[in-house]
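Each remark here refers to the structure printed beneath this line.
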Amino acid sequence: MEKLKGKTILIGKEPGQGRLMVAVSGTGKSASLGAVGSVPGCVSRCKPAEGVGHAAVVIDASGNMILKNVKSQNITYVNGQEIVSKRISVSDSIELGKDRFGINLSTVLETAKKLVVSVSVPSGGGGGSVTKTFNIAHLEVVWTDYHNGLRSLRENQKRVNLIRSGCGIFTMCAMPCIFFFGPVGYVLTAIGVIGNIYSFIGLKNDNTGDEQERLTEKFQERYVCPNPDCNKFLGNQSYKLLKRQYSMHCPYCKCEFVEKR
Ligand SMILES: [Zn+2]
């Protein structure tokens, strides 16, 4: 516990892989526990770079632990009771999200301790650690694919909306024709009504949201640090921005990025 005094531990779902992620604020270090996809969707993502997670364990200088529900839309339980912020001890039962995903606090603390210890080992300066170099040129394609995918979804949506309102206008104009042209008016109105029914069914079966989620999920799995020991998601930012923001280094494992084509 000594090592964790004054630290904040973020807990949440690992973006992309769906494991339980444990991060210690300010160290840039995180670890993932459990199997891929083991954490349900009701647990919010953990993004240490933004200081965001589902819940956070704040440990003060005397070693007291306060569990905090990070965002108002999250749900966190301590011993079956929903909490916003509560003092806890290792023996308390903690569950995250409406599906009550149980976490083992002592495992989380143990993991966090290892992260803190590993960060305090001096890196580079004669410690025998060599900065590894990884080529990130392929990430440009990953970003472009994702970006184009989202754009074509949006354009498709726009086209569908246009057809829908077109059908509505057509029907509106066809109905008065009944008075002037009799049977022709009925036929036109019928065509308009059928068009409206079709677009209504289309609206019901619209899966743009799912499609977008699938695209994002795939992107988060591929837009990661190429270091196999790290593999962390590099954030929802363009490839260009990525290169600039991190000055060609992984913000997590600190490996060096190069661009070789
Ligand atoms: Zn990395």
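The values are calculated or read from the model by the stated rules, or taken from the named source; none is laboratory data. Here the structure is a predicted model, which means the values were calculated and not measured. Heads up, the Cβs are rebuilt from the backbone with ideal geometry, glycines too, and the neighbour counts pull from every protein chain shown.
Note on the range 85-96: residues that are closer than 18 Å to residue 60 by Cβ and either among the charged types (D, E, K, R) or not in a strand (DSSP E or B) (or both) amount to 5. Are any of the residues in the range 154-164 within 30 Å of residue 46 (Cβ to Cβ), at pLDDT 85 or above and not polar (S, T, N, Q)? Scanning the range 154-164, I find at least one residue that is within 30 Å of residue 46 (Cβ to Cβ), at pLDDT 85 or above and not polar (S, T, N, Q), so the answer is yes. Residue 157 falls short on exactly one of the conditions (1) without any contact (Cβ under 8 Å) to a residue 12 or more places away in the chain; (2) among the polar types (S, T, N, Q); (3) within 30 Å of residue 241 (Cα to Cα), and that condition is (1). Looking across the range 33-47, the residues that are buried (at least 21 other Cβ atoms within 10 Å of the Cβ) and either among the polar types (S, T, N, Q) or over 13 Å from residue 111 (Cβ atoms) (or both) come down to 39, 43, 44. Checked against the criteria, residue 161 counts as part of a helix (DSSP H, G or I), away from the ligand (no atom under 16 Å from the Cβ) and out of contact with any helix residue (DSSP H, G or I) (no Cβ under 9 Å at 6 or more places or on another chain).
Within the range 47-78, the set of residues being in contact (Cβ under 8 Å) with a residue 40 or more places away in the chain, over 18 Å from residue 3 (Cα atoms) and part of a loop (DSSP other than H, G, I, E, B) comprises 51, 53, 54, 70. Please go through the range 113-153 and pick out each residue that is at pLDDT 90 or above, part of a helix (DSSP H, G or I) and among the small types (Gly, Ala, Ser). Matches in the range 113-153: 149, 152.
Counting only residues that are within 10 Å of the ligand (Cβ to nearest atom), free of Cβ contacts under 8 Å to residues at least 24 places away in the same chain and loosely packed, with under 15 Cβ neighbours inside 10 Å, how many does the range 204-249 have? So the answer is 2.
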